[in-house]
């Protein structure tokens, strides 16, 4: 039966991995672990304090330390996970999965589609729930659940949360520690919608084990059910037992390549595979190459070279002929890969943003807590493929393509469809370079009209025009190019009139121009729209004549 099969699988995993439940630790022992974590991070990893200040980190440590005497073991573990996640790097994470503190999970796989979170896969005993949309957990709306669970996810951006953080919603210990469950319980009531009906379903959690998934989707089998129609399979989910494969699409004169880890496949090394791919492109009637790395969570970035150099040399390295599909699981060594492709080729990127910052800390090493044996895996290597001023939360697609549940269920692939349909060789891959070129040529009105056109174009949905204009305006101001800075600022506030940062930039410019009246008006406007503490202090100083 179901419970027996789950328990046996979990027991086998625990025995084979050598994990043992820890004896109960005293509050003092947990506090010693916390002190060790705090001291080691300060002493050996001070460079990680970029997204959180040392003082903010210490404040959080002090709060956890004070709370520990009243906490259960799983609450302390989750508290430690929150601390580590606070650094905001996907490779820096508490190893909760090692089972040093036992935890449970619901036997289901969640996936966040464009239209909600769905039960993408379930154990066969809950087969009727496959494909249901999750709307609440124990009566708490799922949007609030996501908000409460966000602090425990070691995410660099929200795409990482969607790809790798969604499973935290299936752990009762985490749900309880984050206030979703009022008490720790293993029988969880889910509010679901399916076929137009709302239903309540009670799902029992079991000791944590490895659900058979591949790249975030359940692997259907005797015990597991997928919400997708498995009679057909889209190209990106085919041959998942292989790290990479390619297929010629004769009706499209296109070669499609799916590459899902930066590792050598047992059947063929990366250099040999790509020699075959590029030889095929040269010897056949191929008008387009599509490289699909939306499932690729990384590996060894030293293996990227033959891919990048091959693309550079290939005759399809032209706008509209080289397409790269990226997404929420594109991470780590694959972030390095897409950065280099973006730097050195004419590729057009399709899909969703990546899960990694463009420049990032990776390559972690274990930090062992002395009493619990818990490991914090802490990043130590800085990877920078682009200049610091080009860093961003993610690499964004130039052609956005999401996925609804119905599209997934029916094996549609909007990202591939968009890549195949794209034919525009004049597509503007770098909007700011395009606008800068027009500006330098004196085409001032065209700069304005082109900027307005692209901001309204859904193809640029992930391009942050507001941040880019603001950065350029401030850079020009710093270089004392005041008229040029003012011009960019004028566009910025006209396109984004509710941007507090835009109005603060405008105040800086007027102050530099000696126009105190307009500087004060702009600073006051910025304050009404909301600023962070540092910006607020600057705005108030400008108003007071600083």
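The numbers here are math on the coordinates, done by the rules we state, and not lab data. Just so we're clear, the structure is a prediction, and the values are computed from it rather than from any experiment. Here the Cβ positions follow ideal geometry from the backbone for every residue, glycine too, while neighbour counts run over all protein chains shown.
With neighbours defined as other Cβ atoms within 10 Å of a residue's Cβ, the residues 217, 275 order from fewest to most as 275, 217.
Listing 254, 330 from fewest to most neighbouring C-beta atoms within 10 Å gives 254, 330. Consider a paramagnetic label point 7 Å from the Cα of residue 185 along Cα→Cβ; state which residues of the range 117-160 have an amide N under 13 Å from it. Answer for this model: 137-140.
Stretching the chain fully between residue 147 and residue 223 yields a gain of 24.2 nm (0.36 nm per residue, less the alpha carbon separation). Remark: spin-label model distance residue 47-residue 479 equals 3.0 nm, labels positioned 7 Å along the Cα→Cβ axis.
Annotation: the residues 226, 449, 473, sorted from fewest to most other C-beta atoms within 10 Å of their own C-beta, follow the order 449, 226, 473.
Here the extension length gained between residue 533 and residue 427 equals 34.2 nm, from 0.36 nm per residue of separation less the Cα-Cα distance.
For the pair the range 101-149 / the range 258-330, the C-alpha centres are spaced 34 Å from each other. Given R0 = 35 Å, the distance between the Cβ atoms of residue 26 and residue 300 translates into a calculated FRET efficiency of 0.25.
Relative contact order of the chain, taken over Cα pairs closer than 8 Å and 6 or more residues apart, is 12 percent.
Helix-only arithmetic for the chain: the sum of -39500 (n - 2.57) across DSSP H runs with n ≥ 4, divided by the residue total, places the mean residue ellipticity at 222 nm at -12000 deg cm²/dmol. Put the Cα centre of the range 495-512 next to the Cα centre of the range 150-197 and the gap is 39 Å. Residues of the range 120-163 with an amide N closer than 12 Å to a point placed 7 Å from the Cα of residue 195 along the Cα-to-Cβ direction: 128-130, 132. Computing FRET efficiency as 1/(1 + (r/R0)^6) for residue 72 and residue 285, where r is the C-beta to C-beta distance and R0 is 51 Å, gives about 0.20. On the basis of the beta-carbon distance and an R0 of 51 Å, residue 253 and residue 541 show a calculated FRET efficiency of 0.25. Does anything in the range 420-450 have its amide N under 18 Å from the 7 Å Cα→Cβ label point of residue 318, and if so which residues? It comes to 420-429, nothing else. A straight chain from residue 389 to residue 65 at 0.36 nm per residue would run longer than the Cα-Cα distance by 112.8 nm. The shape of the range 464-543 can be summarised by an equivalent ellipsoid whose semi-axes, obtained from the alpha carbon gyration tensor, come to 17, 15, 11 Å from longest to shortest. The spacing between the range 376-426 and the range 56-88, judged by their C-alpha centroids, is 33 Å. In the list [x] 97, 52, 49; [y] 95, 68, 52; [z] 74, 67, 49, the label attached to Cα extents along the principal axes in Å as derived from the coordinates here is [z].
How big is the range 99-223 by the Kirkwood estimate over distinct Cα pairs, in Å? In the range 99-223 this quantity evaluates to 14.7 Å.
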